Amino acid sequence: MWDVEIRGMASAHAIIASSIFMATVMPAALVNKFSVYGTHMVWLYCVAGSITVVNIAVFWLLGISPPTKKNTLSYKISRFFRSCLYFLLSCLFFHTVVVLYGAPLLESALETFSLAVLLSTLTTLRCLCILGPNVQAWIRVFSRDGAMSVWDTSLQITTGCSVIGAWLGAFPIPLDWDRPWQVWPISCTLGATIGFLTGLLAAPVWIHWHRKQLTYKLK
Amino acid sequence: MKLSSSVFALLCLILEIVSIALFLRGFFPVPVKSSFSAKSKVTDIPAEPQTGNNAVNSSRAPALLFKRVVIVLIDALREDFVFSSDGRRFMPYTRHVVEKGSSHSFIAKARPPTVTMPRIKALTTGSIPGFIDVVMNLNSPVLLEDNLIWQAKSAGKRIIFYGDDTWVRLFPKHFMEQDGTTSFFVSDYTEVDNNVTRHLDSTLKRDDWDILILHYLGLDHIGHISGPHSSLIGPKLMEMDDIIKKIHASLISKESEGTLPNLLVVCGDHGMSETGSHGGSSEQEINTALVLISPAFRRKVGLERPAVVEQVDLAPTLALGLGLPISQNSVGRLIPAVFEELSMREQLRMLQINGHQLSQLLQDSNPVFHKEDGYEQFRVAEKAHGSWMKLYVDGNKSEVLSNMGKKVRKQYLDALKAMSSALSKQMGKYDLYSMIIAMTFILQVLFLLLLAMPEALSRDAVVDVPLASSLLSLPFYLLCLFGSALHVLVCTSAGGPCYLCSLPWVLVFSVILLSSAFTCALVGMAARRLPTSNKTPTKSSGWALSELDALLLTGTVFHTLSLGSSSFIEEEHQTWYFLLNTLCLAVFQDVCRRYFREQRQRGEEEDEGPLLPSASDAGLSFSPAMELGVSAGSEKWLALGTPLLTLTCCRLLRALNQTGVQWAHLPDFGHWLNSGDHKVFLSVLAAVSLLLILVLVQRHCSLVSKIALALGLLGVYSYRAAVGNVLFPWPHSSRQVSKGTVEARFVYVFVLGILFTGVKDLLRSQVMSSAVDSGRLKSRGLWEVYSGVVLLVALLFRAHNLPTLACCLLVQTIMAQFIWKKLHYDAAQTTIMHYWFGQAFFYFQGNSNNIGTVDISVGFVGLESYVEAPAIILTALSTYAGPLLWACHLLCYLSSQTDRVVNGLGHGSYCFALLRSIPAVFYVVLVTALRYHLFIWSVFSPKLLYEAMHTLITTVVCLFFTFMDQDRSTRP
């Protein structure tokens, strides 16, 4: 059972990771003068979009999402809208945090918000896919020893890695190297993306490595 | 030897500050300066020897040799750009003149730091600027030393300058006409030079100037961009060659019969390394080209190998050529080739003037100048000169006279060479021996601190330093012997200056004894530590870190490592703001976890399935059930809101003062407030801040202190109003701005009163019989001392910085109330957080790692005139107000928590010492390694001074910690 789940997770993560590479490569054919630095916003939204689509598709196909109690259409719609609301709130939350970290308030607000969108895509969206719009479950997963399945653990790892990646990405900004990737918010978005990729890679490996120690309580 | 943690920390810090002082002594050599503050005058020039009566030689000044001088200074003009095959290709005209024309060419050796500003100083003053000069002069960029430009200006010469604006800053109002070009944009290498050249044609046509200085930056910029072998170098050198050709042609066309010849000087300020940078001391960086072109010189017949001279030699040569006195601190000697066409009498006269100036400087700077060879030679040469003059005046024109003249000239030249090298030996060199000794000391202290960590942070907080046993061990005596031998060896063979060698033997021996004992004790402690760590591997695995601990450790390590980069030093505030924000978020997460988990009552099944490596949280396992009953709903929300409020405060304060280098020019809130139009806002803000300070501070004080504090803060406002920073709320009769001395002194009285009450309470708590009462009294006394410090800081802070103080107090209050007490952080964690907050507030105040941001005006608050001691103390206090206030708060907080945290004060002071030592030690080692770095004096040296000062402040704080801790241990 373990191996099956881990293998499934590894393949799902591989698909998500490849979608990021696709989103980096594909627009070059479509958009004129596309480059990760030059047209950074385009790249950012391509990546965010592709991750969204692939995530939703993969988790829907795998059926990881928690079982819904009611199967009516209106419940599904309200779930959908709540998810959207949560996503928006998380964007605003990340935006606020980034501003508190010292991003300019008015100047380049679009860039800051795009970073927030990317971070939300990398973290909140996966939460929504795996746990659904259920704050209690989120708190459970992100409190200590709260994971109850392999997917919860992978969620913890990828989320942590993305945030730490963005955090580390801010370090080179004060250096006076005048490199194109030091422009706000490129280093942070790149950091977050690389962190996310690392998380995707690390999660199955880590779980495989620790599969003896991991025992999940069931509800 | 058993020491309590706080005493141990204090001793370590004192040793550290002494070693840092020794390091600074070695790092910043004392510059050679003559003691006279006045500048050289024509009347200082000695009379020509043995001229009999004065009437024969009434003019003391040497004759003018050149009518006009054009100095073309090409930044980074390496010697081989002119004198190698590259030069023939790219600078054909210059090469032609060098090989065939009437010119002299030299390789001028520049001294490190091979950076533009010190080099300009060297070229104009003839002295070798040390690093300390550069640091000391950061506030006043004006060159106050005696220099060629000043001499020329006071002699009535008209000077025109175009080029690097460093000159304009060094010599304001010296130039008749000037156009400074900023070298800020290194990537631009055409515009900077066009800015200079565009004036050239019109200036060369005119006749109303005597000296023209052109400083071209383009070559240096190309070097920085793409190195000395870049394809851009050739065209740039050709452009320079064209300019030289143009100037030379124009100078030749101006010359007519009967007038004095003109002089064209082409030189570089420093070279360029193989990577294109400069600042260090490699051959390519110090060898610069120097070409002197004038019809006064003999025509060359072929290419000669250019002679090697010192860069500083240009200053006396030009001074003598222009008939000016040589600037006082010049260590250069004249270039004899320039004067070889003169008559023997004139040549000897020039040499005598130069020698006299050097011997004066030698007498001033060297107490044992009699022993110097050069001085003796000069005396002999001067005597010989006298007898030569006698023959000359008698009208002897024989072979004997010319032979004797040649001999005297040789004597003079030898004397000049000896004196010049003796003088330049004294400066521009690091005293590496002192630096290394200081570094070993400071590293020993750090290792001692690190090794003592488990003991110092234990419950007893007692450190056992095996000093006595090490004093009796054999290695100790061997080390002593070895150390003394090494010292003798170094001191007898050292060529350069050495501070340690000039110390008395007794002192040096005690230092060696101490160092050896230290090493032995260190080894002893390490040996003791080793088996225990091997024996109990289970214990170390059980010692888990919470996320917060991990963050605190990573942050400290990150910050320390970031000091290796000059940009991170310039922007250190960013590092601290960043870490502080992360800390607040981590605390927020801790608070969330605590309150939401308690709600869900999942506390008891802790040991199941640890996913994250952190198994047990100190905060959670501590929390007693009693606490649960107390925590009301409102408290939870307050606790949740505290980190968020702190974050908001930090963000607002960050916008108040923009500091650093890269973003320092951006408009900030502080400028907006100070801009004059917004005085009403500033007044309201200052008043509100003062009110907030009063509300926050008065809680713990006695009634008398409360009233004193209120009056004192009122005094602060009226001081600011009197000085003119804020508006009077009441109608004010006299409109003129006073110095506010009365108001400031009024506040000082209250500060002293509050401090006195606090100290009185502290002393009374010693003699109280009941422990509870004495504890309460002691706590109150501490808070009163604290509020006295706050009042003083409020007086010293500028009006727009008062919100910083208010926010500081607000954050301290709420964090202490809702976070540190409630979440049961231990003393070490609290100390690290306090240290981080202190650092961040240091930068929130508007400080930076540049000496220029130190606000010297606070040294005058309440004083009629400048008095050195109080001015320095007040400046230090206001600069380090942030770290100091947080340290004071830590002291108050930990001593009020003695019932909860055992030995909190000991742990606190130990952590403080360790936190200060790690970056300081790392930095000292780093600076030693990077001593030839390009930014060593612009970035690294000021930071070194800041680090030293911060360590001193920390030592003082630790002293107070030890006092407070001591009377705990003496009490039963």
Practice task
Pull up region A:187-196, narrow it to residues that are small (Gly, Ala, Ser) and away from chain B (no Cβ under 14 Å), then point me to the one that is surrounded by the fewest Cβ atoms within 10 Å (Cβ to Cβ).
Solution key: A:195
Problem - Checklist (1) outside any helix (DSSP H, G or I); (2) of a type outside the set (A, V, I, L, M, F, W, C); (3) touching a Phe, Trp or Tyr at 6+ places or on another chain (Cβ under 6 Å) applied to residue B:234, failing item - result: (1)
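Do we find a residue being part of a loop (DSSP other than H, G, I, E, B) and either over 17 Å from residue B:69 (Cα atoms) or touching a strand residue (DSSP E or B) at 6+ places or on another chain (Cβ under 6 Å) (or both) anywhere in region B:200-223?
For region B:200-223, residues part of a loop (DSSP other than H, G, I, E, B) and either over 17 Å from residue B:69 (Cα atoms) or touching a strand residue (DSSP E or B) at 6+ places or on another chain (Cβ under 6 Å) (or both): present.
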Practice task
Find all pairs meeting these conditions: Cβ atoms under 8 angstrom apart; at least six residues apart or on different chains; first residue within region A:198-214 and assigned to a helix (DSSP H, G or I); second residue open to solvent by less than 10 Å² (accessible area, probe 1.4 Å) and β-branched (Val, Ile, Thr).
Solution key: A:199/A:158; A:200/A:16; A:200/A:158; A:203/A:153; A:203/A:158; A:206/A:153; A:207/A:150; A:207/A:153
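Residues of region B:72-97 being in a helix (DSSP H, G or I) and buried (at least 24 other Cβ atoms within 10 Å of the Cβ), which ones?
Within region B:72-97, B:79, B:81, B:82, B:94 meet the criteria.
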Problem - Among the residues listed as B:909, B:938, B:917, the single one being in a helix (DSSP H, G or I) and either assigned by TED's automatic domain parsing to the domain that holds residue B:823 or under 14 Å from the mean Cα position of the chain (by Cα) (or both) - result: B:938
Handout entry: Subset of region A:130-150 (residues that are within 12 Å of chain B (Cβ to nearest Cβ), open to solvent by 40 Å² or more (accessible area, probe 1.4 Å) and either touching a residue at least 24 places away in the same chain (Cβ under 8 Å) or not polar (S, T, N, Q) (or both))
Key = A:135, A:138, A:139, A:142, A:148
Fill in the blank from the handout: Residue pairs within 7 Å by beta carbon, gap of at least six or interchain, first lying in region B:272-298 and part of a loop (DSSP other than H, G, I, E, B), second among the charged types (D, E, K, R) and open to solvent by less than 50 Å² (accessible area, probe 1.4 Å), listed first then second, are B:272/B:78; B:272/B:285; B:273/B:285; B:278/B:285
Practice task
Residue by residue through region A:82-122, note down the ones that are polar (S, T, N, Q), more than 10 Å from chain B (Cβ to nearest Cβ) and open to solvent by 20 Å² or more (accessible area, probe 1.4 Å).
Solution key: A:83, A:108
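Conditions tested, residue by residue: (1) modelled with pLDDT of 90 or more; (2) more than 8 Å from chain A (Cβ to nearest Cβ); (3) within 17 Å of residue B:825 (Cβ to Cβ).
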position	(1), (2), (3)
B:563	yes, yes, no
B:567	no, no, no
B:573	yes, yes, no
B:576	yes, yes, no
B:580	yes, yes, yes
B:583	yes, yes, yes
B:596	no, no, no
B:605	no, yes, no
B:612	no, no, no
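Quick check, is residue A:217 modelled with pLDDT under 90, open to solvent by 70 Å² or more (accessible area, probe 1.4 Å) and more than 11 Å from chain B (Cβ to nearest Cβ)?
So residue A:217 fails the test.
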Exercise for the section: Could you name every one of the helices (runs of 4 or more DSSP H) located completely within region B:723-828 that has at least 2 residues being in contact with a Cys (Cβ under 7 Å, 6 or more places away or on another chain) and open to solvent by 10 Å² or more (accessible area, probe 1.4 Å)? Expected result: B:771-796, B:802-814
Completion exercise
Note: among B:945, B:952, just one is in contact with a helix residue (DSSP H, G or I) (Cβ under 6 Å, 6 or more places away or on another chain), open to solvent by 40 Å² or more (accessible area, probe 1.4 Å) and either at pLDDT below 80 or assigned to a helix (DSSP H, G or I) (or both), namely B:952
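Okay, residues lined up against (1) hydrophobic (A, V, I, L, M, F, W, C); (2) within 12 Å of the chain's Cα centre (by Cα); (3) within 12 Å of chain B (Cβ to nearest Cβ); (4) surrounded by fewer than 18 Cβ atoms within 10 Å (Cβ to Cβ):
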position	(1), (2), (3), (4)
A:152	no, no, yes, no
A:170	yes, no, yes, no
A:182	no, no, yes, yes
A:185	no, no, no, no
A:209	yes, no, no, yes
Fill in the blank from the handout: Counting only residues that are hydroxyl-bearing (Ser, Thr, Tyr) and under 28 Å from the mean Cα position of the chain (by Cα), region B:466-514 contains a total of 2
Handout entry: Unique match (being modelled with pLDDT under 85, more than 10 Å from chain A (Cβ to nearest Cβ), over 35 Å from the mean Cα position of the chain (by Cα) and surrounded by 15 or more Cβ atoms within 10 Å (Cβ to Cβ)) among B:634, B:623
Key = B:623
Fill in the blank from the handout: Residue hits (region B:164-180; crowded, with 22+ Cβ neighbours inside 10 Å and in contact with an Asp or Glu (Cβ under 8 Å, 6 or more places away or on another chain)) are B:164
Practice task
Would you please name the residue that is farthest from residue B:87 (Cα to Cα), looking only at residues in region B:258-271 that are in contact (Cβ under 8 Å) with a residue 60 or more places away in the chain and part of a loop (DSSP other than H, G, I, E, B)?
Solution key: B:259
Exercise for the section: Select from region B:670-687 the residues that are surrounded by fewer than 20 Cβ atoms within 10 Å (Cβ to Cβ) and touching a residue at least 60 places away in the same chain (Cβ under 8 Å) and write down the one among them that is nearest to residue B:848 (Cα to Cα). Expected result: B:674
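The values are calculated or read from the model by the stated rules, or taken from the named source; none is laboratory data. On a predicted model such as this, the values are computed, not experimentally measured, just so you know. Neighbour counts are summed over all protein chains in view; Cβ atoms, including those assigned to glycine, are modelled from backbone coordinates with ideal geometry. Accessible surface areas use protein heavy atoms only, side chains included; no ligands, DNA or RNA. Shrake-Rupley method; radii C 1.70, N 1.55, O 1.52, S 1.80 Å.
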